[in-house]
Amino acid sequence: MTVVKSDAMLQHEKWIAEVVAHRPKHRREVMHIEMRNVIVVVAILAVVVIAAASMMH
């Protein structure tokens, strides 16, 4: 039985190959980007909590 892949599946496989081929060689680069995102999320949550606390008074 032959498996026939859809065009979307072929494009997805090409995308995965492209991502793997251009992955940073050092894990530190990836961690730096993720850490920056975490800091942004924490800052946004802090602003929301402060705004909610000020509305309660």
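Flag: HIS32 does not match the condition of being modelled with pLDDT of 90 or more and surrounded by 10 or more Cβ atoms within 10 Å (Cβ to Cβ). The residue that is least open to solvent (accessible area, probe 1.4 Å), counting only those in the stretch 12-29 that are at pLDDT 85 or above and not aliphatic (A, V, I, L, M), is GLU13.
The values are calculated or read from the model by the stated rules, or taken from the named source; none is laboratory data. Note that the coordinates shown come from a computational prediction; the quantities given were computed from them, not determined experimentally. In this analysis, Cβ positions are derived from the backbone assuming ideal geometry, glycine residues included, and neighbour counts consider all displayed protein chains. Note: accessible area is taken over every heavy atom of the protein model, side chains too, but ligands, DNA and RNA are not part of it. Shrake-Rupley method; radii C 1.70, N 1.55, O 1.52, S 1.80 Å.
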